[in-house]
Structures are given as C-alpha cells and as structure tokens.
1. Which of the residues that make up the stretch 74-132 are in a helix (DSSP H, G or I), among the polar types (S, T, N, Q) and over 30 Å from S162 (Cα atoms)?
2. Of all residues in the stretch 142-179, count the ones that are modelled with pLDDT under 80 and either at positive phi or β-branched (V, I, T) (or both).
3. So T200 passes all but one of these: (1) without any contact (Cβ under 8 Å) to a residue 40 or more places away in the chain; (2) in a helix (DSSP H, G or I). Which condition number does it fail?
4. Residue by residue through the stretch 27-73, note down the ones that are small (G, A, S) and assigned to a helix (DSSP H, G or I).
5. For V107, work out the one condition from (1) modelled with pLDDT of 75 or more; (2) under 33 Å from the mean Cα position of the chain (by Cα) it doesn't fulfil.
6. Provide a single number: the residues in the stretch 224-234 that are aliphatic (A, V, I, L, M) and buried (at least 21 other Cβ atoms within 10 Å of the Cβ).
7. Among the listed residues V81, V66, which satisfies the condition of being of a type in the set (A, V, I, L, M) and touching a helix residue (DSSP H, G or I) at 6+ places or on another chain (Cβ under 8 Å)?
8. Looking at the stretch 226-267, which of its residues are within 14 Å of I290 (Cβ to Cβ) and not in a helix (DSSP H, G or I)?
Amino acid sequence: MEKWTRLLVILATSLLLLAFVAVAVRLSLAIHHTLLLFALGGLVAYALDPLVERLSRGRLKRHLAVALVFIGLLAVIGLGVAWLGGQIAQQTSAIKQDYPSYKDWAVAQATRIDDAFAARGIQTRLAEDINNPSASVQATEKRVAEQGVPILRRSVGDIGESVIVLLIALYFLIFGSDMREKFNGLLPPDLQERADLWETDVNRILGGFVRGQFIIALITGAAAALGCLAIGIKIWLLIGLFVVVAALIPVFGPYIGAIPALIAALVGPTHFGHNTTLAAIAVIAWFILINEAGSKVLYPKLVGAALGLHEVLVLFVLFAGLEINGIVGVLFAAPVAAIAIVTVVHLYRFWQDLPDSLLSNVARSDARREGQHAPAPQPPEPETAAHGP
C-alpha cells in the first residue's frame, strides 16, 4: 500500500509540474516582448558589470561606480552618433548618387541570365522587368513606399525601447546583488549554498558569452570596415556597422555581413578600377580571413571557454533557435543551451549527494586526478643499453 501511495504522490507531483510549465509557457508567450526587453537589459548589465566591479574595488561605492559607467557609456554613444551620423549621411547620399550605376549593373547581370536561358530555349524577361517594371512590381514598390511612415514610427519606438533596456540594465547593476541574496534567503538552508554556486556558474557563462561576443563583433566590424576602405568601397562604414550587428550571431554571422560588401564590390567603383571580379575576390578573401581569425582564435578564447559547448552542438542549437524564434532565437540559443546543461549537472550533483562545488573547480580537480593517475614519463635509456655492451 505504501508503494502505491508513493507512486501516486510522484504521479500527482509530475502532473502538477507539467501544468505549471504549461501555464508558465502560456504566460511567457503573452508577455514575450517584455521578457525580451528584460533579457536584453540583463545582457547589457553583464557586459558592463566588469567595469563596475573594477571601479567599486576601491573606495568608490557600487551605485557611484554604476553612475560613472553609465555616464561614460552615454558619452561614448553621443560622440558615436555625432560622428557616425555625418558619415552615414554622406555614404547614404553616395548610394543615392550611384543608384544609376547599380541599376546598370543589375540590368547587365539580368541580360546575361536572359541570354543564358535563351540559348537553352527558355525565354525570360529579367532585364526588361528591371528597365520597365510590370504592374505587379510597381504595386509592390508603392506598398513599400506606403510603409515608410510605419517603419519610421517603429524606428522611433525602437529608440524608446533602447532607453528602457538601458534603464533595466541600470537597475540590474544596482540591485542585482540584493535580488540574488533575497532570493537565496527564501530557500531552505541546505539549498542556499547550492543555489549560490549555480548562480555563480550561470553568471560566469552569461558574462563570458556577452562580453566575448560583443568584443568579437566590434573587432570583426572594425576589420571589415578597414578592409572595405582599403579595397575602395565607398560605403565602408555602413558595411562595418552591418557586420557588427551580424557578428553578434555566433559562427556564421560574419558571412552574413559579407553579403553587402560583396554586392558593393561588384557594383561600385573600387581601387581595382573596373575590374569588379578582382574586387569581389579581394572582399571574399578578406572576409574569410576575418571569420577564420574570429572562429579559430577569438571565439575559443573569449566565448567557447565560457560556454563549454562543442562547435557542432553550437551549430545545432543555433539552427534550433532560428527555427523556434527567428533571429531572437539565434541570439539566445547558445547561452540558454549552456545554462540548461549547467542546471542539469547541478541537479545531478544534488540528486547524487555530491559535494557542493563550482563546475570550473570540478573540472580542475578532475584534471588534477587524471594527471596524478597518469604514468610518470620514463627517462630515456642510455644509448649503450639500446645497442648492447
């Protein structure tokens, strides 16, 4: 009877847990935009936390350190907008001036495609559709033009939401430690230390991922902009900014950023003159070099060590995140997977009554034990022994 009672209790608990998860998922879907804002605010807080910690190690109080960091951040943003705004306006006007050459290039490529299909007995009208758009194309252009005002309104809304994200990050930096202590205080005494270790591991993973990915994105964008400037692409700054955003996507982000650079090299004038093929080859080679340096040198040191995930697993979770929630899923897939693995490991250690420890300490102790059990290297035998007396 006791066995059946225990089984019923386990079954009822499992059903309650499933119901709780279902309700949590429904609520998350209902407030997904708010959750996204808080998640972005948390990521910004993780990126700025090392500066705050370094300033608060001295006599400076934490809230003053946070204020100094945010004043510096706003100053950098203001100077960046003041300088980048003029550059972006110039390069945008350059795109408008070079629009006829872009159209001529597109017509030439479309003519080549039409001729290639015509040689095989297939009639196409790509070049004619570009020169004389059909009614459906004109209707599409009209719809795009009519959407200009909503896009502008959305851009203004995005600026307002960016301010909200910064305010959320500010609150996280000031009150994050107090929130953590109060949350741990609600737990039973025997779980408080384990919860603290789990939170420390999560902070290490998220902090390392956010800071590493941000540094990689800045370095990749700067390298892409300098490379495009050296090749002679007029819109080098716009391409660099696009690459910074694209490089926030792990693994294949820099390749996405190479697309506008390749198009600009094929269309616009460069230092290679009218040899667009050579300019395109230079762009491809430069972006391959950037991505290889980022993936083979920077990513393992700045991000891979923090996540502790194999490259194949990272690719899997990225594609899974893309399928689940698009670009937002890609951005959050890798850290969420790493946190899930850390959580499972901590739960397993709790279930097996293993001692409390950070996972990084466990890995180091395992490595030391393997080194102790490994056979000591034997000194080489004398040469006379090898050849006999």
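1. Of the residues in the stretch 74-132, the ones in a helix (DSSP H, G or I) are 74-97, 99-119, 126-131.
Checking the rest, the ones that are also among the polar types (S, T, N, Q) come to 87, 90-93, 97, 101, 109, 111, 131.
Listed by number, the residues that qualify are Q97, S101, Q109, T111, N131.
2. Of the residues in that region, 5 qualify.
3. (1) is the only condition that T200 fails.
4. Initial filter on the stretch 27-73 (small (G, A, S)): 28, 30, 39, 41-42, 45, 47, 56, 58, 65, 67, 72.
Residues satisfying the conditions are S28, A30, A39, G41, G42, A45, A47, S56, A65, A67, G72.
5. Single failed check for V107: (2).
6. Pass one, the stretch 224-234, residues aliphatic (A, V, I, L, M): 224-226, 229-231, 233.
Filter once more, so that each one left must be buried (at least 21 other Cβ atoms within 10 Å of the Cβ): 224-225, 233.
Matching residues across the stretch 224-234 total 3.
7. Values: V81 fails: touching a helix residue (DSSP H, G or I) at 6+ places or on another chain (Cβ under 8 Å).
Result of the check over V81, V66: V66.
8. Correct list: A247, V251, F252.
The values are calculated or read from the model by the stated rules, or taken from the named source; none is laboratory data. Here the structure is a predicted model, which is why all the values come from computation and not from measurement. All Cβ positions, glycine included, derive from the backbone under ideal geometry; neighbour counts span all protein chains shown.
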